[in-house]
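Enquirer: The structure under discussion is supplied below as structure tokens; questions concerning it will follow.
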Amino acid sequence: MADDELEAIRRQRMAELQAKQGVSLNPSSAACQPESEMRNSILAQVLDQSARARLSNLALVKPEKAKAVENYLIQMAHMGSLGGKISETGLIEILEKVSQQTEKKTTVKFNRRKVMDSDEEDDD
């Protein structure tokens, strides 16, 4: 199936589930829905199927990193610097770039206590 068909099926299923519940879970979700649909449509145009699957798996594990990658891809798409669809290997390269930029460097500092050495007194 094509990405557009899958998205249409998902939207229809979500609408059915929300109709069964009577109300949407978040009142702000109605306001965010057009924005998320726009993001999904841009990502569908930019990424191929395997890359979208990898990005959705990443969103389950690390949502903040996935959001950063999505923002990066959308920004690149708006600037027109993407030439065609990005494959899974291209997405992996982008993920590596983002992780290098957001990598936290940890440092460990040892504070050693200064203790009076009793050996100096024994030598006398």
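Each value in this text was obtained by applying a stated rule to the coordinates, not by laboratory testing. In this text, all values refer to a predicted model and were calculated from it rather than measured experimentally. Cβ placement follows ideal geometry from the backbone for every residue including glycine, while neighbour counts extend to all protein chains displayed.
Enquirer: For K67, give me every one of the lysines with a C-alpha distance below 29 angstrom, ignoring sequence neighbours fewer than eight places off in its own chain.
Expert: The qualifying lysines are K85, K97, K104, K105.
Enquirer: Can you sort V115, V46, V98 from fewest to most other Cβ atoms within 10 Å of each residue's own Cβ?
Expert: V115, V98, V46
Enquirer: I've got another one for you. Evaluate the distance, in nm, between pseudo-label points positioned 7 Å from the Cα of V108 and of Q45 along their respective Cα→Cβ axes.
Expert: 5.0
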